[in-house]
Amino acid sequence: QFVTKVVSCRAAELRPEGGGEPVSGFQVVLEDTILFPEGGGQPDDRGLIGDVPVLRVTRRGPEAVHFVQAPLEPGAEVLLSLDWDRRFDHMQQHSGQHLITAIAEQMFGFKTTSWELGRQRSVIELDTPSMTTEQVEALERSVNEKIRERVPVTVRELAADDPAIETVRSRGLPDDHTGPVRVVDIEGVDSNMCCGTHISNLSDLQVIKLLGTEKGKKNKTNLVFLAGNRVLKSIEQSHSTEKALTSLLKNGPGEHVEAVKRLQSSVKLLQKNNLNLLRDIAVLIARDFKSQPVHSQLFVLHRKEGDSEFMNIIANEIGTEETLLFLTVGDEKEAGLFLLAGPVEAVENLGPRVAELLGGKGAGKRGRFQGKATQMSRRGEVQALLQEFISHRSPEA
């Protein structure tokens, strides 16, 4: 916590991180702050000004701008409170990145070109087209050795023209930078220009887990990692999943993969048998219709289990020179597939109207129009449309 004063408060809008409508509120500048504004690959802090939640902190030149939804009186003395859990998580991830970056360059010459502190995992972009599994394992061992050695992490502030800055790892200062240059040192390991928040000793990292690599942009490699409490949370989630799978599969964790492979094979076989049965049913449905002494001019069928092939088999077997077929498969009231088949002119005329009624899209040629539908509950309306078309077309009419 920290006591400070409100310097200014002006109306503003905040666009949510996940998208959506802007939120109305106020941008507040304080005399000083303990809330870190986003920057250097690290997200911003959260906290309270009095009892007013701070939803975002950004940097505007030398100032930190706090976004809140209630106005604050300029000149008023306020108590600023920090969301420590969020801050400590960011400290662990950011110091972890410094350590991994330094050791990766020392061991393999891989320079870091950028990094991102994500909500669930963090990513370091390394200037190398690839990284072997052995290199990842060796790097993980080395960074965790440094954690066990309890190496101190300290902060220095240097004047912008101090010659010592030349010896510090850096990607350059922002164009609007003012004041001293902040340097974070991991004793005997790294010296890095940085504005972010850090732990004071590597032992506070607890542990680092490298999750592996992903292909990056322009011959670069993304190294994915977790640090500190995120490793513990990941293990907890994995253990919960393992317990659930043990209960479902009725075997131990070491046998889960083989059990799932067996289930996948069984499902594929069942799906194949199901498709064969559906094909046989389609043929029988069509033959039953053709065996009737008097053929209706409209044939309508819905089946929850089925696919495009099922509908096309029925259409092929019945033939569509005289009969208009309206076939559907899928959920009876939500989404599914449809097929309209019959005389070419009738299908060309009715197909787009059928698709529109079903809230879907389709295309067709040579007497067949098929597609996807989102409102299968309107099948009755389609049937009424088709029945009306046939009654107007018939000689009796």
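If each DSSP helix of 4+ residues adds -39,500 (n - 2.57) and the sum is divided by the residues in the chain, what number results at 222 nm, nearest 500 deg cm²/dmol?
After summing the helix terms and dividing by the residues of the chain, the value is -12000 deg cm²/dmol.
Cα-based radius of gyration for segment 120-278, normalised by 2.2 N^0.38 Å, reads 1.56.
Candidate cross-link partners of Lys215 among the aspartates and glutamates, defined by an alpha-carbon separation under 20 Å and a same-chain spacing of 8 or more, comprise Glu105, Glu116, Glu125, Asp127, Glu134, Glu137, Glu140.
With a ≥ b ≥ c taken as the square roots of the eigenvalues of the C-alpha gyration tensor of segment 273-393, please select rounded if a/c is under 1.5 and otherwise prolate if a/b is larger than b/c or oblate if it is not? Oblate is the answer for segment 273-393, as a/c is 1.5 or above yet b/c matches or exceeds a/b.
Of the trypsin sites (Lys or Arg not before Pro) found in segment 316-370, the ones in coil according to DSSP and having at most 10 other Cβ atoms within 10 Å of their Cβ are Arg366.
Pairs exceeding 19 Å between alpha-carbon atoms, taken from Lys209/Lys261; Lys268/Lys333; Lys333/Lys372; Lys333/Lys361; Lys209/Lys243; Lys304/Lys333: Lys209/Lys261; Lys268/Lys333; Lys209/Lys243.
Relative contact order of segment 44-154, taken over Cα pairs closer than 8 Å and 6 or more residues apart, is 17 percent. Computed over protein heavy atoms with a 1.4 Å probe, the accessible surface of segment 273-393 works out to 56 Å² per residue. Rounded, prolate or oblate: which fits segment 2-82 when a ≥ b ≥ c are the square roots of the eigenvalues of the alpha-carbon gyration tensor, with rounded for a/c under 1.5 and prolate only if a/b beats b/c? In terms of gyration-tensor shape, oblate. The calculated FRET efficiency for Arg141 paired with Asn316, based on their beta-carbon distance and R0 = 45 Å, is about 0.10. Each Cα pair under 8 Å and six or more residues apart adds its sequence gap; the mean of these over the residue count of the chain is a relative contact order of 10 percent.
Using only side-chain charges placed at the Cβ, +1 for Lys and Arg and -1 for Asp and Glu, the dipole size of the chain relative to its Cα centre rounds to 1420 debye. Keeping the other protein chains in place, figure out the carbon and sulfur percent of the accessible area of segment 2-82, with a 1.4 Å probe. Percent of accessible area from carbon and sulfur atoms in segment 2-82: 52. Loop-located GluC sites (Glu not before Pro) across segment 114-172 with a Cβ neighbour count of 15 or fewer within 10 Å are Glu149, with loop assigned by DSSP.
Pairs of Cα atoms nearer than 8 Å and 6+ residues apart set the relative contact order; for segment 273-393 it is 21 percent.
Ordered by solvent-accessible area of protein heavy atoms (1.4 Å probe), largest first, the residues Leu99, Leu277 come out as Leu277, Leu99. Taking the longest Cα principal axis of the chain as reference, the axis of helix 256-291 is set at about 20 degrees.
Residues Val29, Val3 ordered from highest to lowest accessible area at a 1.4 Å probe: Val3, Val29.
By the rule of a C-alpha distance below 17 Å, with chain neighbours fewer than 8 residues away ignored, the aspartates and glutamates paired with Lys272 are Asp280, Glu305, Asp307, Glu309.
Here Phe2 and Asp162 are evaluated by their C-beta separation; at R0 = 22 Å the FRET efficiency comes out at 0.15. One way to sum up the overall shape of the chain is the equivalent ellipsoid from its Cα gyration tensor, whose semi-axes run 64, 31, 19 Å, largest first.
A simple count of charges around Asn222, restricted to other residues whose Cβ falls under 10 Å of its Cβ and scoring Lys, Arg +1 and Asp, Glu -1, yields 0.
Taking 17 Å as the straight-line reach from the Cα of Lys220, the lysines in range (excluding those fewer than 8 positions away in the same chain) are Lys111. The residues of segment 2-82 expose on average 51 square angstrom of accessible surface per residue, using a 1.4 Å probe on protein heavy atoms.
The values are calculated or read from the model by the stated rules, or taken from the named source; none is laboratory data. Everything quoted here is computed from the prediction, not taken from an experiment. Every residue, glycine among them, receives a Cβ derived from its backbone with ideal geometry; neighbour counts consider all protein chains shown. These area figures cover heavy atoms from the full protein model, side chains too; ligands, DNA and RNA do not enter into them. Shrake-Rupley method; radii C 1.70, N 1.55, O 1.52, S 1.80 Å.
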